Amino acid sequence: MTVPCPDSVAAIAAGLARGEFSAGEIARRYLDRIEALDPRLNAFVTVTAEIALEEARRADDARRRKGSATGLLAGVPVAHKDIFCTRGVRTTCGSRMLAEHVAAYDATVVERLRADGMVMLGKTNLDEFAMGSSTESSHFGPTRNPWDPGRVAGGSSGGSAAAVAAGLAPVATATDTGGSIRQPAALCGLTGLKPTYGRVSRHGLVAFASSFDQAGLLARSAEDAALVFGAMAGFDERDSTSLEAPVDDYRRRLEAPIAGLRIGVVEEQFGSGVDPGVRDAVEAAIRELEGLGATVRPVELAHADIGIPTYYMLAPAECSSNLSRFDGVRYGYRAPGASSVEELYVRSRTEGFGVEVKRRILAGTYALSKGYYDAYYGKAQRLRRLIADDYRRAFEEVDVIAGPTTPTPAFPLGDRLDDPIAMYLADVFTVGVNLAGLCAVSVPAGLAGGLPVGLHLTANHLEEARLLNVAHRFQQATDWHLARPPLWKTAGEGP
Ligand code: GLN
């Protein structure tokens, strides 16, 4: 096919509006590319080719009927992390437990993007129930990093990240409980937005740790992120933690100058545990922002060093309770041949869950048990408050906090599988944001040893428009977000 096919949401939307190509042609092009490249990456658990072509046809029909009244995103493809429920299409959560599970309804995020005319290409791979930082704990095998297929794509939204980075989708939904949008964004060279807790509906998002889970997205630029985020965000009466605050016009605010922006930096985030290549790239990115008129000053997050232990007490506690619903009776995998209810529970859960999920359920159940609750869960709750207070004070002095998203670039597949602590440390700079319910974005900021580096920008509650604005101005001044993995060209000139 010779249809010129741009790879950004903005350019696809513009081309569709001008009639340069049809949604059907775009969908076909992406499906062909998935077929050619995904066997090397394993970014998708399920490709929904028929649905994509049908939705594309509907978008083309709508455009013929309504002309310029058609929504901006109509006909633009999207991939969904396989933790968002999709009616009629399996939602596996990367687990044997749900390998054949078909939800009876769509997640609000899926429903909203479809209502705006977006075309679903498929469901992307993830760590089992989003527990992990490498997408290696998936029942469906690991996802590989398009920049180096011997390395991880990050996690838990590694499938969404690899898909967008390799041009198998222009944008993908994702979720972030402790870093799962931003860490894979950093490792795959993407723009990943983790919204404020409650900004995007969790309805139909399979729960991992409910007081942390938040839906967001992975895109190639802040502009693309703004376009799609505007369609995802907003109050949903079906999620009791959903915020009623009005949704900003993220797109309109992209262009605002950032002169006078106050950036805070946390000294410890530039210490010896950080890869020198990562540190150099992030320092250069912050200088670039200074060049655009921002001022930089130190801020203190005094309890940052207890973020990981606090998170790994609370998130497993919540997961142990959330995952109790998978009992072999109500949902998912049921072990055959059990002769008692107890045996059915034990065998279904033993066979249905993988190692990391079991580790979390055990740790979480322990932390919640009688006699230990105060010492572990209760204490972690108090520490969570201290961490949130640190951010509150910092945001009295600065508008955003800037630092590295991750201490290292993408690590080799298998490297951290036997060392859960090393795996958990991949999120050392991201979990604080979830503990405090804030919003943050990871922005491509350079390469270290040929691998992408992410600049992490954190802002106060509901300041997504500001984050996208800073990210966009940075992307106008630099072109790291345009860098493409070597694999990009192996299936032709892009999608
Ligand atoms: N890596 C973290 C964990 O394993 C965060 C995962 C996530 O954000 N879903 O819990």
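Taken together, the values in this text are just the output of simple stated rules run on the coordinates, not laboratory data. All values derive from a computational prediction rather than experimental measurement. Backbone-built Cβ (ideal geometry, glycine too); neighbour counts: all protein chains shown.
Of the trypsin sites (Lys or Arg not before Pro) found in the range 348-430, those that fall in a DSSP loop while having at most 14 other beta-carbon atoms within 10 Å are Lys370.
With all pairs of separate Cα atoms included, the range 203-243 yields a Kirkwood hydrodynamic radius of 11.7 Å. Just so you know, the averaged projected area of the alpha carbon convex hull for the range 173-224 sits at 3.5 nm².
If you scale each eigenvalue of the Cα gyration tensor by 5 and take the root, what three semi-axes come out for the range 367-436, rounded to whole angstrom and sorted largest first?
Details: eigenvalues 130, 117, 6 Å².
Three semi-axes, in Å: 26, 24, 5.
Stokes-Einstein, applied to the Kirkwood radius of the range 408-495 over Cα pairs at a viscosity of 1.002 mPa s and 20 °C, places its translational diffusion at 139 µm² s⁻¹. Computed from label points 7 Å out along Cα-Cβ, the spacing between Ser272 and Ile421 is 1.7 nm. Report summary: the helix-based calculation at 222 nm, which adds -39500 (n - 2.57) for every DSSP H run with n ≥ 4 and divides by the residues of the chain, gives -11500 deg cm²/dmol. Distance between the 7 Å Cα→Cβ label points at Glu54 and Ser210: 3.3 nm. Peptide packing: for 305-311, 182-188, 149-155, 205-211, the average count of neighbouring Cβ atoms within 10 Å per residue gives the ranking 182-188, 149-155, 205-211, 305-311, highest mean first. Largest first, the three principal axis extents of the alpha carbons in the range 70-162 are 42, 31, 15 Å in whole numbers. Working note: Karplus 6.51/-1.76/1.60 with θ = phi - 60° gives the range 56-69 the couplings 5, 4, 5, 5, 5, 4, 4, 5, 4, 6, 9, x, 6, 7 Hz, where Gly and Pro are set to x. At q = 0.12, 0.15 Å⁻¹, what log₁₀ I(q)/I(0) does the range 317-391 have when each alpha carbon counts as one equal point scatterer in the Debye sum? For the range 317-391 at q = 0.12, 0.15 Å⁻¹, log10 I(q)/I(0) is -0.45, -0.62.
So which chymotrypsin sites (Phe, Trp or Tyr not before Pro) in the range 356-461 are both in a DSSP loop and have at most 16 other Cβ atoms within 10 Å of their Cβ?
Numbers: sites: Tyr366, Tyr372, Tyr373, Tyr376, Tyr377, Tyr391, Phe395, Tyr424, Phe429; in loops: Tyr372, Tyr373, Phe429.
Sites meeting the loop and neighbour criteria: Tyr372, Tyr373.
Quick check: net charge around Ala23, other residues with Cβ under 10 Å of its Cβ, Lys/Arg +1 and Asp/Glu -1? Once positives and negatives cancel, what remains is 0.
Return the inverse of the average 1/r over all pairs of distinct C-alpha atoms in the range 27-70, which is the Kirkwood hydrodynamic radius, in Å to one decimal. Over the range 27-70, the inverse of the mean reciprocal pair distance is 11.9 Å. Give me the net charge for the shell around Gly449: Cβ to Cβ below 12 angstrom, other residues only, Lys and Arg +1, Asp and Glu -1. Combined, the nearby Lys, Arg, Asp and Glu give -2.
All other residues with a Cβ under 10 Å from the Cβ of Val76 taken together, and with Lys, Arg as +1 and Asp, Glu as -1, what is their net charge? If you can, show how the numbers build up before the last one.
On the way: positive: none; negative: Asp116, Asp224.
Charge balance in the 10 Å sphere: -2.
Volume per residue for the chain equals 137 cubic angstrom (convex hull of Cα atoms). Projecting the Cα atoms of Leu41, Val76, Leu467 onto the charge dipole of the chain, computed from C-beta unit charges around the Cα centre, puts Val76 farthest toward the positive end. Its alpha carbons considered, the range 227-358 gives a radius of gyration followed by a Dmax of 23.7, 70 Å. Expressed in units of 2.2 N^0.38 Å, where N is the residue count, the Cα radius of gyration of the range 165-289 is 1.18. Here the chain is treated with +1 on each Lys and Arg Cβ and -1 on each Asp and Glu Cβ, and its dipole about the Cα centre works out to around 820 debye.
Could you compute how fast the range 213-287 diffuses translationally, taking Rh as the Kirkwood radius over C-alpha pairs and applying Stokes-Einstein at 20 °C with viscosity 1.002 mPa s? Give it in µm² per second. Could the numbers behind the result be given before it?
Numbers: Rh = 15.9 Å.
Answer, rounded: 135 µm²/s.
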